[in-house]
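Structure record follows, encoded as structure tokens.
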Amino acid sequence: MLDEGGRRLLASFGVDAPSPLPASLPAWRPFAEVPAALAELRRRGRKIAILSNVDRDLIASSIPQLGLEPDLVVTAQDSGSYKPAPGHWRVFVDRSGAAVEATIHVGASQYHDMRPAAALGYRTVFVDRHGERLKTAPTRVISDLASLPDVIEELARA
């Protein structure tokens, strides 16, 4: 169920009623390798942020399934926009203080993640689970998150 802020945010984009998609989000499970990959990133001292196009209530119901608390969560509700608009990244920088050059954006959407993050100067890792034809030029492409800790280490050294 959306809270009042979520309903107002949807209304600002011309959406009158919540769709069944947000209501189903709490039941979504992460891909099998995700909790271990995130745990390994944390073990290696990496900070983890989530930039999501959902509201705070919905993401809060999904986070426990990841096996760890992210260091920062930025939602559409927080940023007042939906990716690919740059609002999420602005809030991320404001709240984290992280430099663009020191941050690697990982995502599974060329349109919502890769294109806008690259345009803002971020290095990007595209999680291509479906063998998509690349319409963007991510820094790296991986098929799932199993190799992500090593890819992040490699990019951090570059």
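The values are calculated or read from the model by the stated rules, or taken from the named source; none is laboratory data. As the structure is a prediction and not an experimental result, all values here were calculated from the model. Note: ideal-geometry Cβ built from the backbone for every residue, glycine included; neighbour counts use all protein chains shown. Heads up: the accessible areas ignore ligands, DNA and RNA and are worked out on the full protein's heavy atoms, side chains in. Shrake-Rupley method; radii C 1.70, N 1.55, O 1.52, S 1.80 Å.
Table for the structure above
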item	result
The stretch 30-83 - percent of accessible surface contributed by carbon and sulfur, probe 1.4 Å	56
Candidates Asp78, Asp94, Asp55, ranked by Gaussian network fluctuation over the chain, Cα under 10 Å, top entry	Asp94
Burial order of peptide ranges 57-68, 26-37 (average beta-carbon count within 10 Å, highest first)	57-68, 26-37
FRET efficiency for Ala102 and Arg29, using Cβ-Cβ distance with R0 set to 25 Å, rounded to 0.05	0.20
Residue-count net charge about Asp71 - beta-carbon cut-off 12 Å; Lys, Arg +1, Asp, Glu -1	+3
Sites Arg157 and Ser61, calculated FRET efficiency, Cβ-Cβ separation with R0 41 Å, nearest 0.05	0.65
Rough spin-label spacing in nm, given labels placed 7 Å along Cα→Cβ, for Arg95 and Arg43	2.7
Chain lengthening between Ser147 and Tyr111 when straightened (0.36 nm per residue, less Cα-Cα)	10.7 nm
Accessible solvent surface per residue of the chain, calculated while the other protein chains remain in place, 1.4 angstrom probe, Å²	56
